[in-house]
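Heads up: the structure comes next, in structure tokens.
The values are calculated or read from the model by the stated rules, or taken from the named source; none is laboratory data. Values in this document were obtained by computation on a predicted structure and should not be read as measured data. Glycine also receives a Cβ, built like all others from the backbone with ideal geometry; neighbour counts cover every protein chain displayed. To get the accessible areas, we keep the full protein, side chains included, count just its heavy atoms, and leave off ligands, DNA and RNA. Shrake-Rupley method; radii C 1.70, N 1.55, O 1.52, S 1.80 Å.
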2 protein chains.
Amino acid sequence: MFRQSTICAISTAAGAGGIAVIRVCGEEAFTVVDKIFRSKRKNDSLKNQKPYMVGYGTINDVKTNETIDEVLVTVFHAPHSFTGDNTVEIACHGSIYVQQEILRLLVDNGCHLAQPGEFTMRAFVNGKMDLSQAEAVADLIASTTRASHRMAIKQMRGGFSAELQKLRTQLLDFVSLIELELDFSEEDVEFADRKKLKNLAENIEQHISQLADSFKAGNVLKNGIPIALVGETNVGKSTLLNMFLNEDKAIVSEIHGTTRDTIEDLATIEGLTFRFIDTAGIRNTTDQIEILGIERTYQKIEQAEIVLWLVDSTAINDDVENFVGQISECTAGKKVILVFNKIDKLSDEKLEYIKAIFDSTDMDKIYISAKSRTNTDALQKMLVKTAHYKYPDNNGVVVNNIRHYDALLKAKEAIIRVISGLDNNISGDLLSQDIRECMYHLGEITGQISTDEVLGNIFSKFCIGK
Amino acid sequence: MFRQSTICAISTAAGAGGIAVIRVCGEEAFTVVDKIFRSKRKNDSLKNQKPYMVGYGTINDVKTNETIDEVLVTVFHAPHSFTGDNTVEIACHGSIYVQQEILRLLVDNGCHLAQPGEFTMRAFVNGKMDLSQAEAVADLIASTTRASHRMAIKQMRGGFSAELQKLRTQLLDFVSLIELELDFSEEDVEFADRKKLKNLAENIEQHISQLADSFKAGNVLKNGIPIALVGETNVGKSTLLNMFLNEDKAIVSEIHGTTRDTIEDLATIEGLTFRFIDTAGIRNTTDQIEILGIERTYQKIEQAEIVLWLVDSTAINDDVENFVGQISECTAGKKVILVFNKIDKLSDEKLEYIKAIFDSTDMDKIYISAKSRTNTDALQKMLVKTAHYKYPDNNGVVVNNIRHYDALLKAKEAIIRVISGLDNNISGDLLSQDIRECMYHLGEITGQISTDEVLGNIFSKFCIGK
């Protein structure tokens, strides 16, 4: 029943625009659109329009004999469409009234209004993509930064699915052998090499762990790597921040326009998104940091992955040991980069003198002028290098979906039981059960195993029209 | 220079959606998109992709070797496109990030961002449509009601242009003859039959007047025919209003959602849009209307074309003459329909009694129950009939553009000068001058005569991407 109904929805963003696209999809897509579309070329059914071909004509309300719009229709024949069903895409003028009228005519002629995500759900049901790919479609549409976009498109194009499929296939081979043993249980044979199985299970456990661990990294990359900007007032924090934000002006200003309040200090540098957290907790001189607002600064630093500790080079404190000790105290466990700003105001001798003092410390440090942009490129490279070190981009798959993470953890538990079972020489039927459970959870991610509830949950988060 | 540059813009509504369409247009459209598009089929230029054909592939950032999105591209070869230029339409996933990235890549590879209306302006410059049709594209996109939509689509499809063209051609024939006379001025010949010319001029004057007069009607139809709902409290005004508004629920609720404050009481009945103006100025009994808030009610009634005067049938005043007199006084010049409500609460005898009393008055009247929806269909038909009488839908052209109205008035002045000139036997060169002026103003509407300033003015009001 589900696959037989023909559905329609406006697939472009809501509101008025130059053009809008209405998608009609299902067995009767051609028949329904034929009833309201009059081609400029000939009075022929869309069924006979060449696949992937755009036709020009009008949408008409037959009852009132009114022309609703001049449109372009594109025809996709099953299974060669996004959903795998017959599909007609109607590109009309983007008037709200026209969009509504065409939808109304489609419904009057037998279409159902599509539920959120119903097109993608059909693509999944028709085997055009697996579940993790379908979820990536929603992620892709929601993506607003390069990092989140990269993860989504990689997942949509099947990177993740391929990896999971490989793991499942390996497990399936083994579990088949083990279950074959069970058929011959009275003869006490061992088709499945236990040593090989243990190797495999350990490999798979490692692999699943890696994927699960990537979840935290995935979230960080999705939301931007948090960088705390720490420093007294007047050391040049906002000048530095502006320098970062200007790096990719178009994208930043775009983000500003949309969700200014929440992510206003995002900047993309060499493809990585950084989220700059301003700390305003430090006033007066470095000697007094332990007194002044340490509590607040601690909290901000706690959220960061990297701390940029800004110092005014023209007001350097000579007590290096104490200074560095204080910084370490505030930033325990965090990656700190000491940034000496305002070097444009120093004589070369003074700069050399400062460098000599601080060279002995084992902190990362850099000497810049945010205002005259001296050495700021090097600082950015340093940030990117540090970020890459923390989140190596081995072109591997990054998990950024809590449902996948959850399933991976369960799969991991099961495979760990397999390993300890092998150590304890447990029986084949128990082993088989644990392997099957691991496969089950991996299959949940790609949707080979799925329930209506899970599907409903996933697709209800889509926008209508996709 | 203008026509050589290749432009691009997001043509669908702003924001995230299932899909978005980016339009690239200009001589280099294929070359530019070739640089970022990799087809799934073969490594061939879009130049060689069949016209009107949709191709599947990916958009790539060659510099970073990243895949930005999987897209469908449709190719239109000049002059067979909306603008008349080479055009590529890229249908991508509707992520804001993806849309921006593709635009960025297009600009990096030589496109200019399109100005508002630039696509339609090119269509005009390339002779794909005249100026009034181009303006209708903007009207169509902005249309939110059936009436405004109908006017726009009629104009877009060239109804208006054809009429004006006919008038201009007739004038041109005559002016040519007159100007021929001037060449032979020494011989005192008369090629152009003055009597025929006067007939023609009078016809044209009449025609132009009709068009100019339709401006008021056009505006009313565009904004909804204003109906004042007058009546004491508790006579059932809001029940009646709800009945009207429910008639076309989908469309009304759509309008509600978008611009609730300004047009919340619009309802579409049999294709006509009515704008209901609530009047709250009358309290107490009809006897006291002259005392109570007449001033305010007058103002509201003044804005209306039709007045629905609601009366509670269960509380009828027997002094019919006085009652009707008061109504006439309030509604001078307006079309009034007397609506007797709550007839479900009357016995048949009482109803007959009331009818007998009021039958003698020459006002339009109807007996209904808004609550039980008795006879409300008849009331709606009455409204529609009255509206059609005031604004006959003779399938003629309705002017709803102030620029056109202005040009028509000027053309009318010129043709009137032609008529009086003929009466006074003025010379051929003066006649010719007036006829040319009339033609000039008619040509302004279709854009045969246009200045950069006028064009800039018109197209700057478009949305970007159209």
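Are any of the residues in the stretch B:115-134 in contact with a Lys or Arg (Cβ under 9 Å, 6 or more places away or on another chain), under 23 Å from residue A:22 (Cβ atoms) and among the aliphatic types (A, V, I, L, M)? The answer is no; no qualifying residue exists. Every condition in (1) of a type outside the set (D, E, K, R); (2) modelled with pLDDT under 90; (3) touching a His at 6+ places or on another chain (Cβ under 9 Å) is met by residue B:18 except one, and the failing one is (2). For the condition outside any loop (DSSP other than H, G, I, E, B), closer than 30 Å to residue B:304 by Cβ and either small (Gly, Ala, Ser) or in contact with a Cys (Cβ under 9 Å, 6 or more places away or on another chain) (or both), what is the one hit in B:381, B:412? Being outside any loop (DSSP other than H, G, I, E, B), closer than 30 Å to residue B:304 by Cβ and either small (Gly, Ala, Ser) or in contact with a Cys (Cβ under 9 Å, 6 or more places away or on another chain) (or both) holds for just one of B:381, B:412, which is B:412. Restricting to the stretch B:171-184, count the residues that are open to solvent by less than 40 Å² (accessible area, probe 1.4 Å) and in contact with a Phe, Trp or Tyr (Cβ under 9 Å, 6 or more places away or on another chain). So the answer is 2. When the residues of the stretch A:427-457 are filtered to those that are under 22 Å from the mean Cα position of the chain (by Cα) and β-branched (Val, Ile, Thr), the one that is nearest to the other protein chains (Cβ to nearest Cβ) is A:446.
Remark: residue B:355 falls outside the filter, which requires a residue to be of a type in the set (D, E, K, R) and on the phi > 0 side of the Ramachandran plot. For the stretch B:384-409, a tally of residues being over 20 Å from residue B:305 (Cα atoms) and either over 27 Å from the mean Cα position of the chain (by Cα) or open to solvent by 70 Å² or more (accessible area, probe 1.4 Å) (or both) returns 3. Mind checking whether some residue in the stretch B:78-95 is modelled with pLDDT under 95, within 7 Å of chain A (Cβ to nearest Cβ) and open to solvent by less than 10 Å² (accessible area, probe 1.4 Å)? Among the residues of the stretch B:78-95, at least one is modelled with pLDDT under 95, within 7 Å of chain A (Cβ to nearest Cβ) and open to solvent by less than 10 Å² (accessible area, probe 1.4 Å), which makes the answer yes. Residue A:14 falls short on exactly one of the conditions (1) more than 23 Å from residue A:66 (Cβ to Cβ); (2) within 13 Å of chain B (Cβ to nearest Cβ); (3) in contact with a helix residue (DSSP H, G or I) (Cβ under 6 Å, 6 or more places away or on another chain), and that condition is (3). Applying the condition of being crowded, with 23+ Cβ neighbours inside 10 Å and β-branched (Val, Ile, Thr) to the stretch B:97-109 and asking which residue is farthest from the other protein chains (Cβ to nearest Cβ) yields B:102. Every condition in (1) within 19 Å of the chain's Cα centre (by Cα); (2) modelled with pLDDT of 85 or more holds for residue B:460 except the one numbered (2). Tallying residues that are in contact with a helix residue (DSSP H, G or I) (Cβ under 7 Å, 6 or more places away or on another chain) and either open to solvent by 50 Å² or more (accessible area, probe 1.4 Å) or touching a residue at least 60 places away in the same chain (Cβ under 8 Å) (or both) within the stretch B:19-59 yields 9.
A single entry from B:416, B:449, B:445 fulfils the requirement of being in the same structural domain as residue B:166 (by TED's automatic domain parsing) and at pLDDT 95 or above: B:416.
Screening residue A:201 with (1) open to solvent by 20 Å² or more (accessible area, probe 1.4 Å); (2) touching a helix residue (DSSP H, G or I) at 6+ places or on another chain (Cβ under 9 Å) gives one miss only, at (1).
For the stretch B:43-58, a residue qualifies if it is more than 39 Å from the chain's Cα centre (by Cα) and within 14 Å of another protein chain (Cβ to nearest Cβ), and the qualifying residues are B:57, B:58. Give the residue that is farthest from the other protein chains (Cβ to nearest Cβ), with candidates limited to residues of the stretch B:150-170 that are surrounded by 23 or more Cβ atoms within 10 Å (Cβ to Cβ) and at pLDDT 85 or above. The selected residue is B:164. One residue is enough: does the stretch A:357-376 have a residue meeting the conditions assigned to a helix (DSSP H, G or I) and farther than 27 Å from residue A:220 by Cα? Checking the stretch A:357-376: at least one residue is assigned to a helix (DSSP H, G or I) and farther than 27 Å from residue A:220 by Cα.
Looking across the stretch A:131-149, the residues that are open to solvent by less than 10 Å² (accessible area, probe 1.4 Å), within 11 Å of chain B (Cβ to nearest Cβ) and hydroxyl-bearing (Ser, Thr, Tyr) come down to A:143, A:145.
Tell me which of these residue A:220 doesn't satisfy, since it passes every other one: (1) free of Cβ contacts under 8 Å to residues at least 40 places away in the same chain; (2) open to solvent by less than 60 Å² (accessible area, probe 1.4 Å). If we test residue A:220 against (1) free of Cβ contacts under 8 Å to residues at least 40 places away in the same chain; (2) open to solvent by less than 60 Å² (accessible area, probe 1.4 Å), just (1) comes out false. Scanning the stretch A:180-194 for residues that are part of a loop (DSSP other than H, G, I, E, B), charged (D, E, K, R) and modelled with pLDDT under 80 yields a total of 2.
Scanning the stretch A:110-130 for residues that are over 25 Å from residue A:152 (Cα atoms) and not in a strand (DSSP E or B), we see that the one that is nearest to the other protein chains (Cβ to nearest Cβ) is A:111.
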